[in-house]
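Structure, as structure tokens:
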Amino acid sequence: MAKKVTVNTIQKYKNNNEKFSVLTAYDYSTAKYLDEAGIDIILIGDSLAMVALGYETTHSVGVDEMRIFTKAVSKGVQHAMVVTDMPFLSYHTDISSAVRNCGEMIKNGANAVKIEGFSEYILSVIRRLSQIGIPVMGHLGFTPQFLNSLGGYKIQGKTQEAADEIFKQAKELEKAGVFSIVLEMVPQDSAKYISENLSVPTISCGAGKYCDAQVLVSDDVFGKFSDFKPKFARKYGDMKSLILNCAKQFNEDVKSGRFPSDDEIF
Ligand code: KIV
């Protein structure tokens, strides 16, 4: 059986110049199939607020919901590393509640947590979590929890100064102890420079091909979520049509009396 992916595996990928894959999952069965497919990291992204719960932004999801999704996903995973995205306000107020909330995810099966943004306070949270054995994935560039202060879904790091600033922040996150950093909606050239000058791996979310890994929201990959599609997402399937077709056939079979058949009764 394939070995469990750990922070050491992830660092080895970086050192050996090997790419790795990250997809989101929010339920047991999906997590099980992603694991079977060989995905390296399964992220319980707070994107679930939109794609699984129908909220408008990621702000509306809380610790209680993330705990349930973390438990479901981790039950389905044997090989991949499981990372829980810490929701808005779960690590922002003080270090002790950050530790408690992140620790809850570990207790419910996560192997690491992801936290967004950069500040002196965020650095102290990362240091504290690292000290108590909770690996942290950072997240820079476009950070959805900062949607209101960034003024919308905007590409970050477009000018040389802005790219330098993201690089400076990434270096600080690395020093504080993160094991990887998501770069979201950063121009490919800026992400390339950042990736080449960091010791920890970068994970591209719309930051081009030179990062060490790629992450996408699985509902975009499967063609399940159809409210909008980010430019950087690639659709590999059409789950929306599959669900619609199955549901329509079931509906017709029930109404015409074709379901259940003699084989489907006791
Ligand atoms: O919430 C999420 O799914 C994410 C990834 C897409 C990076 O943060």
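The values are calculated or read from the model by the stated rules, or taken from the named source; none is laboratory data. Being a predicted model, the structure only gives us computed values, none of them experimental. We place every Cβ from the backbone using ideal geometry, glycine too, and count neighbours over all the protein chains shown. Just so you know, the surface numbers come from the protein's heavy atoms only, side chains and all, with ligands and any DNA or RNA stripped out. Shrake-Rupley method; radii C 1.70, N 1.55, O 1.52, S 1.80 Å.
Tell me whether the stretch 3-14 contains one or more residues that are open to solvent by less than 70 Å² (accessible area, probe 1.4 Å), within 14 Å of the ligand (Cβ to nearest atom) and among the charged types (D, E, K, R). No, that holds for no residue.
Please indicate, with yes or no, whether at least one residue in the stretch 188-196 is touching a residue at least 60 places away in the same chain (Cβ under 8 Å), out of contact with any strand residue (DSSP E or B) (no Cβ under 9 Å at 6 or more places or on another chain) and acidic (Asp, Glu). So far as the stretch 188-196 goes, no, none of its residues is touching a residue at least 60 places away in the same chain (Cβ under 8 Å), out of contact with any strand residue (DSSP E or B) (no Cβ under 9 Å at 6 or more places or on another chain) and acidic (Asp, Glu). Scanning the stretch 219-266 for residues being more than 20 Å from Ala31 (Cβ to Cβ) and of a type in the set (Val, Ile, Thr) gives a total of 2. Flag set for Tyr55, criterion: aromatic (Phe, Trp, Tyr), surrounded by fewer than 19 Cβ atoms within 10 Å (Cβ to Cβ), touching a helix residue (DSSP H, G or I) at 6+ places or on another chain (Cβ under 6 Å) and at pLDDT 95 or above. Taking first residues from the stretch 53-74 that are within 15 Å of Gly103 (Cα to Cα) and of a type in the set (Lys, Arg) and partners that are assigned to a loop (DSSP other than H, G, I, E, B) and open to solvent by less than 70 Å² (accessible area, probe 1.4 Å), the Cβ contacts under 6 Å between residues at least 6 apart in sequence or on separate chains come to Arg67/Asn108; Lys71/Asn108; Lys71/Gly109.
Counting only residues that are in contact (Cβ under 8 Å) with a residue 60 or more places away in the chain, in contact with a helix residue (DSSP H, G or I) (Cβ under 7 Å, 6 or more places away or on another chain) and open to solvent by 40 Å² or more (accessible area, probe 1.4 Å), the stretch 216-244 holds 1 of them.
Picking from residues in the stretch 158-181 that are open to solvent by less than 30 Å² (accessible area, probe 1.4 Å) and in contact with a Phe, Trp or Tyr (Cβ under 8 Å, 6 or more places away or on another chain), the one that is farthest from Arg128 (Cα to Cα) is Ala163. The condition of being touching a residue at least 40 places away in the same chain (Cβ under 8 Å) and touching a Leu at 6+ places or on another chain (Cβ under 8 Å) holds for Leu140.
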